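K.L.:
Take this structure first; my questions come after.
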């Protein structure tokens, strides 16, 4: 195996470590704030955070169990009010984003992540609304073993998209999309994993 392929394999394996729930010592993640644009009609700053503790250590050459990551996103009271005035009492959605892994030599690889937000009741008043969902790597799969030792930085890419459904009491729904762009001045690093 050539060194270049080996380094790429290390990146892919380390990203697998990101998606585990228990792969050694872990650290809590800080939140990120996105500029959300819903169907080109509603704009707001949307805080998000990963509440699953992410690993900071993975073992060289060992299998890494891929798990599910729990994420939260916030709709502001203003957005809640607009949705309620449209007679929406529940929301659900799916989303896509990507991560970039960077090894100590600067080699990068990208991974696609799917998010799912289950149908959740809206608050009955105009208050900030926290919706909880799950995220998991969907490509490339399967993830190979980490082959190189050293620190691996895993960072969120600056753009994402979600398809949202607003449910009415009658059972009818409104479909929409939300484009998301990370606000400037934030560190997009989710975790740095030490491959030992």
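K.L.:
With respect to residue 88, determine if the residue is closer than 20 Å to residue 47 by Cα and surrounded by 15 or more Cβ atoms within 10 Å (Cβ to Cβ).
P.N.:
It is false that residue 88 is closer than 20 Å to residue 47 by Cα and surrounded by 15 or more Cβ atoms within 10 Å (Cβ to Cβ).
K.L.:
Of (1) surrounded by 13 or more Cβ atoms within 10 Å (Cβ to Cβ); (2) within 21 Å of the chain's Cα centre (by Cα); (3) over 22 Å from residue 62 (Cα atoms), residue 181 satisfies all except one. Which?
P.N.:
All conditions are met except number (1).
K.L.:
Restricting attention to the stretch 108-135, report how many residues are modelled with pLDDT under 90 and surrounded by fewer than 15 Cβ atoms within 10 Å (Cβ to Cβ).
P.N.:
2
K.L.:
Are there any pairs, at least 6 apart or on different chains, whose C-beta atoms fall under 7 Å, with the first in the stretch 151-175 and closer than 16 Å to residue 137 by Cα and the second modelled with pLDDT under 90 and outside any strand (DSSP E or B), and if so, which?
P.N.:
Every condition considered, the pairs that remain are 154/15; 154/18.
The values are calculated or read from the model by the stated rules, or taken from the named source; none is laboratory data. Nothing here was measured: the structure is a model prediction, and the numbers come from that model. So basically every Cβ, Gly included, is an ideal-geometry build from the backbone, and we count neighbours across all protein chains shown.
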